[in-house]
Structure formats: structure tokens, C-alpha cells
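So the structure is just underneath, and the comments pick up after that.
The values are calculated or read from the model by the stated rules, or taken from the named source; none is laboratory data. Model, not experiment: these values are computed from the prediction. Cβ atoms come from the backbone with ideal geometry, glycine included; neighbour counts cover every protein chain shown. Ligands, DNA and RNA are excluded from the accessible area calculation, which covers all protein heavy atoms including side chains. Shrake-Rupley method; radii C 1.70, N 1.55, O 1.52, S 1.80 Å.
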Amino acid sequence: MAFQATSQPDSGHRASDNQAPRARRKKPRDPTFWRVEGSLLNLTAVRPVGFFAWNAQSFLERWTRRGGMLTLAVARPVLYLTNRAMATRLLHTILRGVSRDRLDVLGEEYFTYVLKPALKPRGVEELKKAQARGEEIVLVSQGLDHVMRPLAKHLGAKFLISNRLEFRDGMATGRLIDPVIRPRGPLARLTGSAPDGRVSRERLVKNLGFASHPKIIDAAVESTEQPQIKTFVRVVHCKPETNIGQLSVREALRGKNILLAGATGFIGKVWLVNLLMDAPEIGKVFVMVRRRKTTTAAQRFRKIVDESPLFEALAQRYGPRFEELLAKHVEVIDGDLSKPGLGLDDATRARLARTLDLVINSSGLTDFNPDLRDALAANVDSAAHLLEFMRATDHAALLHLSTCYVTGERDGRINEVLTSNYNPAGLPDFDAEREWRSLEALIRETEAQAESATVTDELRKSAIEKPTAAKGLGGAALDNQIRKNRTRWLRQTLMDAGTRRANELGWPNTYTLTKGLAESLIVKRGEGLPIAIVRPSIVESSLEKPFRGWNEGINTSASLSYLLGTYFRQLPTNERKCLDIIPVDQVTRGMTLIGAALVERKHQPLYHLATSVTNPCNMRRSIELTSLGHRKFYRTQDGFKHWLRSRFDAIPVSKARYEKLSAPAQKAIVQAINRGVSSVGINNAPLVRRERELERVIKLIRLFEPFILHNEHTFEALNVERLSAALPSEEQAEFGYDSRSIDWCDYWVNVHIPALRKWCYPLIEGRPVEARNGEKMPPAGQPNVDAATGQSASAAAP
């Protein structure tokens, strides 16, 4: 048993709680203290606090805090005259229970829309002159640092002295940290409004009440930057550690040949582009793409290169050598993993078997509850065919992409351990191979049932009695309608059968069922082969590469976050449950690291790529950050509708409250009104439309309940961190894996929500999506998306 110290941000909050050890901060050598109030702004302590109070997360909070301010309005004037520091402390108790994230985002908003337009031009001019003379300006204000930091950055000041709240678990306690910067005196508006805000140290110490402890003023100086502060915890490893030694990605992959399956999918494209950017010394990447009826594999891939903004970043990087790079390092091959022999001709398969060093399988169908036939073909049959191919290769290793959520209905910490014939229900006699064959038999039985006389009679009756059916429907038209109904019946029946069987075995949906079966097949049939199963958690917008804020399609969080940007407010969830989000470029970094380890035979059989242990972000925080991201967008828009939407923050609630007060209860009311209106012959089209919308919301919530309400589990990701630690220092920047330093507030508000708005929401709304060179791709060129469920058939790749 070994002990390893690992750094972990406390509760997932950047510059976290005040109890955390503070990093060393640069201090000004010869500071020039500049009082903000009077010279730059006519700022009081009450107005920013009132702004924060009135924009709390829930309506009840807003009125409660507003009432608290009215109560303080009685006592504060007396305290202000007798003890200004105590009056300031009392005022800020109103903010008890407000999150640091909300204060940071609203503080920036308050500066942008309230303070910035009110800056005094003469005061700003004097400040700039002082900076031009080389003076190190320290802004001094009674305002909170959440408001003053954006002001300081705007003015180019690197240091400030301001009031700071104490936080615990990312929530304000309502207590100000010493020293308290008290307001100026009663006559300050008359005597302290000069544009030159410079104050001598002696005078400032006296004005702030620090005369008995003048050194406090130096300790109160803070940097305008918000450093990532990490705590250190001890992690116990209950298995022997493998001595990896040094692992150089460049050396491991130099000249190596790689087969990429799934290059048309979200993760596959990002991995390919980032690999070509960071490791151009590789040999050849064989990109396997499935041809379509009228489109060859090469044409499909070329269309992606020409239209995807991902490849625009690569083209800018290499300029005129871009086409040469693709020709040298990328070869498109026509193949299909769901077919025996990977759908390759004999010559191509033999050439690949002889020359490949690494196979990356990022293909699969990620719809939660698809047709069982499609799910088995894309996720299970493909894995079996790929394993047969791997047995025939000379020396190739396999990286198989799965998902963390194959763990199913379990709570607690999930270790990186593979279990043969795993099923979350814990059935002792479960056999994955037998289950696979059983599901295939179920498909054949259901297909036969669809052709039976009983089902055919039901389908004929349904076609004839359909309200929109033509009078006297019969002959070829009736046969055609029965055929369409049979196709829909078969698809829906197999969708329901897959979901039902998944739930019986403890998986939340057909997707995780089939991914779990594939893993068990790999464990059994891949014994003795160099294979690593890689489980990402919920893969979302890129943090840095190939550019900040890339996303595509309708992913896991897009549908929910879109819903939270409307007037929908009450999301049933477990506030403590971690929503395990990981940026796609962190996933691709991990894949490249693991691929190098496979080539060097320094790999482990299983890797998690997740954040819930190393940098947790719980559901309460995720919901609030989503609302803050939407608010930031709506504040930039004109019109009453956008203003109103910016005031609607989603809140986490219990399942009981959701059913009693949210969509289910609203649907019941609309249904009752709809029945009453239709009975008297009044047009009820708007009510019918509203009822359908509410039903879609209910279905969406039900679909995501396993991820937001149930299964309170976290996923360790220590194996990939060991690989990252083994990198030489010169490769850390390009290939290092570091999920611990993600600033969730910045990521959600400034990266992820804007990325969803740019790349994903247009698909939900049927609008065109931006392609390369700023062109627009029509919705018809995008995957067929169900806005209610957020599922897309394009997730299957290649």
C-alpha cells in the first residue's frame, strides 16, 4: 500500500475558502495609494450590496435580503456615526449564503453596467498620468473585491485594498475578513472629491482607523489576479503502483501508424486535429470512415475538413503547408466496424494488420435509448469485430473509448478496476456473451412479431382511424401507410425493450448497457492483448485546444442548459451530487497520453478521464453557473424579453417539489383547461401546443434523472495523472493532463455556455450553424435532432 500526496481544490472553488493556504503574492515595492471614492467614483457601500441582494438566486432570497436591508436601514445610520467599521460589517451580513461564483459574476456585471459608465474622466486621466510616471497604483475602496477587481483590471491597476468576505464551501458567511475598509467620513463628499485620489500612507492609515497597527495596510494589499489555490490531501492507493519511469509522447509516437475509428464524431475530430497540431512527427493516421449511399469515405472526410471550424484552426497553424500535412499524415480508408472484417477489403486489412502500431476506437452510438439494433451494432458488434482484427495484427495496441457511466446504479467512489461480466444489479450468474446473444434473439423475435397477422391488423386499424387519414383509404396507399406504421412500431418496441432490459440490469439506459457489454467482451476476448479501456465522464466544450469554446451537436448538457435558459426554474436534483464534466481537449490529451503508454507497453487496463474526485463541481453549483452564464448573455441583448429572462435563475429542488409545482403540475392544469375548452368548441391550439411542450420537458427531465438526481458516485482518475507526471518537463504544456486547475466559474460562464449558444443551440432551434470562414451551415446539413431528448443520430461514428 502506497501513499501519494495529491493537490485538490477545496469543493471545486477557485481561490477557494479563506482557510486554505494562500499562495505567495507579489507586493508593490513603492505603492501609491489611490482612494477610489471621490476621485474615480461616487461609490457607496450600500448600493453594490443592494444589487447583490436583489439578484440572489431565488425570488424568496431576493425579497428576504431586501427586507433585511430595509431593517438595517434603521440601525445603520446610528452605527455609521459611532462606528463606521461595525456599520460596514453589519451591512455585509446581508450576503450570508450567497456563492462566491454569483458575487464574482454579478460584481463584474455591476462594474460593466453601473460603475464603468459613471467613472469620472478627470480622475481616470490623473490615474493614467500617475501610471505613465511608473507609479505602482494600489486602489483603495470600501467596496467588495468582487466589484473592485474588475475596476482595477479596467484601469490597469495591479493591486487593490478592498473589503473581502469570508467563504466556507464556496458560500459567503456574511463576515468580513480583517481588515475592514470603513467608509469615508460624513464630510468626505465635500472635501474628498478631487480628481487626484492619491493618499499618503500616514493619512490612509489614519482614515481607515489603523493608526495603532499601521502595518495592517501592507498586509491588506491584494493582487487583482485570482490565483488557483490548491489544498493537499492524502490519497491511499490499495494496489501496488507500476513504475512507469519517464514517458515521452513525442518519442513514443514518432513515426508510428495509427488507425482512428470515429473520426467523424465529436471526440475523434478533436483528437485528430490536436494530434496533428502537437505531434506532427507521427507517421500515418488511417482515418476509417463509413461510406454512404452517394458519398464515398474520402468525400465525407473532405467535407468535414472543408466545413468544420476545427480544421480552420489547423489550417491557420500550418498555412500553405496545410494540404501537404494532410496528404503526408492522413489517409482515409473506407470501413465499417459493425461489419465482419471491419468492412475492409482483404488487401487493406492485411496492410493495416502489418503496419499499425495503435488503434483508437472512439466510435459508437451515444443516443441514450436508441433502437436496440443500432445500439448493438455500433457499440457491441463493432467491439467484437475490432477484437478479431486486433488478434490478426503484428503488434498493434488498442485504445477503446467507453464511458464512466457503465458503472450504472451505484453510489460512492468508483475505482479504476475492470470487472469481468460486470452488471450494476450484481446478478451472480450474469454473462455478457450470453446477454448479447439473448438481445439479438429478442430482436429477431420482435421483427417476426412485427410481420404477424395480429400486429398487422392493429397497424391497419390505426392507419384507417387516424384523424388525418384520407376517406376510403385503401389499396396501395393503405399498404404504404401500414408499412410506415410497422417501421415505427418495430423501432419503438425495440427502443422500449432495450431500455427495459438496461433498467433490469441496473443501467440507466441502452447506451450504458451496450457500452458495458462491450467492456466485458474486451476483458474476455482481449485477454493477452495490449488494450486500455478509457472512460470519459460527460464530455463538453474545449477549454483551450484547438481553440477555446468548441462544441458540436446536441451533447449531454446542451438540452438541459438550454432548458435552464428559458423560464423553466425548478430542476429536480441532488444538490450534493457531482455533475462530472470534462472539457473535450482534456479527454483528447488523456487519450494521447494513454496511446503513448500503450505503444510503450506502460499502460493500465482502465483509465477514467473525470473531475468528480480531483476537482468536484456539484449540481447546486452547476445549476447556478448555468443560470449565470445565461444571465451574462441576456444582459448583452436589447429588449424586455431578454431583460426578463436574465432575472429567471434556475434553482435545485426536490423531486416532490418539482412534481407539485413545476412541469408535471403545470401539465395537469393545462390538460384540465384544455378538456374544458374543447368541450365547448373553442379553439384550443395554443393549449395543445403548451401541453406538448410540457410533456417534452417532463420526458427530458426523466431522461437525465440518473445523471442529475440519482447515483451519487465519483470517479477517480489517478492512472492518467500518473502518466502525466511521467512526462518530461518540456512536454507538459502540450500533453500534460490537469483537470485540477479548471476554474469552473470561468469555464461555465465564459467558455461552455457561450460555446453551447454558438454551436449547439442553433440545432435545437433549427437555425444555421457557423462553419469554416464564418459561413453558415444549414440545419439540413446537421444531424437529425430531437430537441426534447437532445439525442442525435450523428453520435454514431465512423
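Descriptive notes on the structure:
- Here segment 571-701 is assigned +1 on the Cβ of each Lys and Arg and -1 on the Cβ of each Asp and Glu. Its dipole about the Cα centre then comes out at about 280 debye.
- Under 5 Å between amide hydrogens, built in the peptide plane, is the criterion, and for Arg535 it picks out Ser402, Tyr607, His608, Leu609 among residues at least 5 positions away or on other chains.
- The peptide list 44-55, 152-163, 724-735, 586-597, put in order of mean Cβ contacts within 10 Å with the highest first, becomes 586-597, 152-163, 44-55, 724-735.
- Degrees separating the helix 619-635 axis from the principal Cα axis of the chain, which is the longest one: 70 degrees
- Set of lysines near Lys303 by C-alpha distance (under 19 Å), chain-local residues within fewer than 8 positions excluded: Lys269, Lys293, Lys328, Lys776
- Given charges at beta-carbon only (K, R positive; D, E negative), |dipole| of the chain in Debye: 3220 debye
- Signed unit charges on C-beta, dipole axis of the chain, positive-most listed residue Thr566, Tyr113, Met619: Tyr113
- Antiparallel %, DSSP beta bridges [both residues in the chain], to 5: 35 percent
- Backbone amide hydrogens, once placed in the peptide plane, bring Gln570 within less than 5 Å of Ile651, excluding anything fewer than 5 places away on its chain.
- Radius of gyration and maximum dimension Dmax of segment 378-523, Cα, Å: 20.6, 67
- Placing one equal scatterer on every Cα of the chain and applying the Debye formula, the log10 ratio I(q)/I(0) at q = 0.09, 0.11 Å⁻¹ is -0.97, -1.30.
- More than 13 angstrom apart: percent of Cα pairs within segment 396-449: 72 percent
- With viscosity 0.692 mPa s and temperature 37 °C, the Kirkwood radius over alpha carbon pairs of segment 625-719 converts through Stokes-Einstein to a diffusion coefficient of 198 µm²/s.
- Each residue of segment 544-560 was assigned a 3J(HN,Hα) from its phi angle through the Karplus curve 6.51 cos²θ - 1.76 cosθ + 1.60 (θ = phi - 60°); the sequence is 9, 10, x, 7, 6, x, 9, 8, 7, x, 9, 8, 4, 8, 4, 5, 5 Hz, with glycine and proline shown as x.
- Between helix 145-155 and the chain there is an angle of about 90 degrees, using the helix long axis and the longest principal axis of the Cα atoms.
- Using all pairs of distinct alpha-carbon atoms, the Kirkwood hydrodynamic radius of segment 79-168 works out to 14.6 angstrom.
- Zone of Trp643's modelled label, taken as backbone nitrogen in segment 115-139 under 19 Å from a point 7 Å along Cα→Cβ: 115-118
- Under-5 Å amide H pairs with Gln142, H placed in peptide plane, nonlocal only: Glu37
- Contour minus Cα-Cα distance for His213 and Thr296 (0.36 nm per residue): 22.1 nm
- In this structure, the residue pairs whose Cα-Cα separation is over 19 Å, taken from Lys256/Lys545; Lys120/Lys632; Lys26/Lys120; Lys641/Lys699; Lys632/Lys758; Lys116/Lys632, are Lys256/Lys545; Lys120/Lys632; Lys26/Lys120; Lys641/Lys699.
- Here the Karplus relation 6.51 cos²θ - 1.76 cosθ + 1.60, evaluated at θ = phi - 60°, turns the backbone of segment 92-109 into coupling constants of 7, 5, 4, 8, 4, x, 8, 6, 4, 4, 5, 5, 5, 5, 5, x, 5, 5 Hz, with x for every Gly and Pro.
- Contact order normalised by residue count of segment 582-718, Cα under 8 Å, 6+ apart, percent: 32 percent
- Crossing angle, helix 453-465 versus the chain [Cα axis fit, 0-90 degrees, rounded to tens]: 60 degrees
- Surface composition of the chain: carbon and sulfur atoms hold 52% of the protein heavy-atom accessible area at a 1.4 Å probe.
- Here the 3J(HN,Hα) profile of segment 281-296, calculated from phi with Karplus coefficients 6.51, -1.76 and 1.60 at θ = phi - 60°, is 7, 5, x, 10, 9, 8, 9, 8, 10, 7, 5, 10, 3, 10, 10, 6 Hz, Gly and Pro shown as x.
- Kirkwood estimate for segment 674-743, i.e. one over the average of 1/r between Cα atoms, Å: 17.5 Å
- Extended-chain gain in nm, criterion 0.36 nm per residue less alpha-carbon gap, Asp178 and Lys158: 5.1 nm
- Per-peptide average of other Cβ atoms within 10 Å, ordering 557-570, 649-662 highest first: 557-570, 649-662
- Value of Rg to Rh for segment 514-658, rounded to two decimals, is 1.09; Kirkwood radius and Rg both from alpha-carbon coordinates.
- Span from the segment 347-385 Cα centroid across to the segment 79-146 one, whole angstrom: 57 Å
- Take every pair of alpha-carbon atoms less than 8 Å apart whose residues are at least six positions apart; their mean separation over the length of the chain yields a relative contact order of 16 percent.
- Peptides 750-762, 403-415 ordered by average Cβ neighbours within 10 Å, highest first: 750-762, 403-415
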